[in-house]
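Here the structure is laid out as structure tokens; the discussion comes afterwards.
Where a number appears in this text, it was derived from the coordinates with a stated rule and is not lab data. Everything quoted here is computed from the prediction, not taken from an experiment. Every residue, glycine among them, receives a Cβ derived from its backbone with ideal geometry; neighbour counts consider all protein chains shown.
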Amino acid sequence: MTCELGGLRNPVSQTGFLGQQGVQQGQRSLLESMLQVKFGAVDAELAEIIDGLIAVPPLEQAQLIWQLSREELLARFSGDI
């Protein structure tokens, strides 16, 4: 099975284009990179909020990371609040 993308032929898995797990891993990697660029490192506290960030639309993810402070992100996405 193949999929045409911009004239290129790419294999398509039977579970979907990248598969849900692959998409989520890609989102996780992108969010980790964005957090690392902004805060210098992704420690355990920041790593814990990534699942919450994945749940919001991608544009909002970027806006939140660039606009909010570390403390604001932790407050918004930590399970304790």
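The phi torsions of segment 29-40, fed into the Karplus equation with coefficients 6.51, -1.76 and 1.60 and a -60° offset, translate into couplings of 4, 5, 5, 4, 5, 5, 5, 5, 4, 6, 10, x Hz, rounded to whole numbers, with Gly and Pro shown as x.
Under the simplified labelling scheme, the Phe39-Val23 pair shows an inter-label distance of 2.6 nm, with each label point 7 Å from Cα along Cα→Cβ. Inter-label distance, Leu74 to Glu48: 0.9 nm, where each label sits 7 Å from its Cα along the C-beta direction.
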